[in-house]
Amino acid sequence: MNRKKPVIVTMLAAIMLISLIAGCSSNKNNGGSTPDASKATNKPKTENTATEAPPANKKLVVGFAQIGAESGWRDAETNSVKATFGDDANFELKFSDAQQKQENQIKAIRTFIAQKVDAIGLAPVVESGWETVLKEAKDANIPVFLLDRGITKGNEDLYVSFIGSDFILEGQNAAKWMIEEFGAGAEVNIVQLEGTVGASAANDRKKGFEDAIAGESGYKIVYSQTGDFTRAKGKEVMEAYLKKDKNIQVVYAHNDDMALGAIQAIEEAGLKPGTDIKIIGVDGIKAAFEAIAEGKMNVTVECNPLLGPQLKQAILDYKAGTALDKWIKSDEDVYAGQKAIDALPNRQY
Ligand code: GZL
């Protein structure tokens, strides 16, 4: 005989079943939320929308859109990224070299998106022109990490973090060394060898340096021209200038490779680099330390290229749901004279 269960028992069972289901689904959402660490510091934190870590046995596939191989610094950064991910069985690195062309970097990012990589690293050759392709990566739910150069302000929602240096500070440090060397009120003519047109590293090193000498009326930038961060172009620009005018006291190059090219041009013009004309570079590559030890260069402002470990850690933190700083900054130093000579044996790149 089919006895009807009291209605109350059936309703209670239904209520219990519904609350049980609701309880499980809310736990699942909590697993994906990012602990709000922004209260701990006033640094802007990146909202982490990662919902779950990949299964334990799956490799994390990282696409890295590198600029090119234009300088010793760039080679050191490439080696750092390749070594970091190549040594870790939990990762697979897809690497592309854009030969310093933005369109090649954009193509590489689109390929990474099509390959459904787990994360994209990008060293943007120039600041502008990234909105469309980075929006495509965002729509594909692929986190983007900027390495060593930045993009136009106002697009912070298109990348997780910028891992790199304070280029304005680097420009300020270059000017600070120069003013300490010559003294306030000195009459100093300066040739500035600028980096790649439109690159954040060039824009900000220029800004930092020029702002720092704005109050020093005797310090004049008599010529400023891009050498595209390469040794060959740095030499070419310096050769052309020296044909017109030899009355300069300082060369400020946005990277050591252009400074080393300028040194060659100065020697070929019959002048003594490091003595007749003081040479300031940025990067801290070994060849610059060697030039300082030879007395042909005066100072290099360090810029850390060994960013592979920081990129890997940022990806792991992001995947684990940890809040990340929008700017993961490198700490750097300034090397001149005996300090550079003493540091030379330990320089890694
Ligand atoms: C700096 C980097 C610059 C280096 C140059 O982070 O973008 O690009 O200073 C390199 O040597 O070409």
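All other residues with a Cβ under 12 Å from the Cβ of Asn155 taken together, and with Lys, Arg as +1 and Asp, Glu as -1, what is their net charge?
Taking every Cβ under 12 Å from that of Asn155, the sum is 0.
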Q: Report Leu169's accessible area, 1.4 Å probe, all protein chains in place, as a number in Å² to the nearest 10.
A: 80
Q.
I'd like the accessible area for Asp331: 1.4 Å probe, protein heavy atoms, all chains in place, Å² to the nearest 10.
A. 140
Q: Provide the packing ranking of 116-123, 300-307, 266-273, i.e. peptides ordered by the mean count of other C-beta atoms within 10 Å per residue, highest first.
A: 300-307, 116-123, 266-273
Q | Förster-model FRET efficiency, 35 Å R0, Asp97 and Glu187, C-beta, rounded to 0.05 | A | 0.20
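Ignoring ligands, DNA and RNA, how do Lys326, Lys246 rank by accessible area with a 1.4 Å probe, largest first?
Details: Lys326 35, Lys246 105 Å².
Result of the area sort, largest leading: Lys246, Lys326.
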Q) Taking only protein heavy atoms and a 1.4 Å probe, what accessible area per residue, in Å², does segment 244-309 have with all protein chains in place? A) 30
Q: At a Cα cut-off below 25 Å, give the lysines reachable from Lys296, other chains included and same-chain residues fewer than 8 away excluded.
A: Lys176, Lys206, Lys220, Lys233, Lys235, Lys243, Lys244, Lys246, Lys272, Lys278, Lys286, Lys339
Q | Ranked packing of 276-285, 224-233, 91-100, most packed first, by mean Cβ within 10 Å | A | 276-285, 224-233, 91-100
Q) Hull surface divided by four, with the convex hull built on the Cα atoms of segment 167-303: how many nm²? A) 6.9
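Round to a whole number: what % of the accessible area of segment 167-303 belongs to carbon and sulfur, probe 1.4 Å?
48
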Q: Enumerate the calculated ³J(HN,Hα) couplings along segment 195-207 in order (Karplus 6.51 cos²θ - 1.76 cosθ + 1.60, θ = phi - 60°), each rounded to whole Hz, writing x wherever the residue is Gly or Pro.
A: x, 4, 4, x, 7, 4, 4, 6, 4, 7, 5, 5, 4
(Q) Considering only C-alpha atoms, what is the centroid distance from segment 54-131 to segment 267-339, in Å? (A) 21
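If you scale each eigenvalue of the Cα gyration tensor by 5 and take the root, what three semi-axes come out for segment 225-324, rounded to whole angstrom and sorted largest first?
Largest first, segment 225-324 gives 36, 14, 9 Å.
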**Q.** Computed FRET value (nearest 0.05) for Lys116 with Leu306, which takes r as the C-beta separation and R₀ as 25 Å
**A.** 0.30
Q. With every protein chain present, what accessible area does Val334 have (1.4 Å probe, heavy atoms only), rounded to the nearest 10 Å²?
A. 40
Q. With N residues in segment 135-192, what two-decimal value do you get for its Cα radius of gyration over 2.2 N^0.38 Å?
A. 1.81
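The values are calculated or read from the model by the stated rules, or taken from the named source; none is laboratory data. Just so you know, these numbers come straight off a predicted model, no measurement behind them. FYI the Cβ positions are ideal-geometry reconstructions off the backbone, even for glycines, and counts take in every protein chain you see. The accessibility values were calculated without ligands, DNA or RNA, using every heavy atom of the protein model including side chains. Shrake-Rupley method; radii C 1.70, N 1.55, O 1.52, S 1.80 Å.
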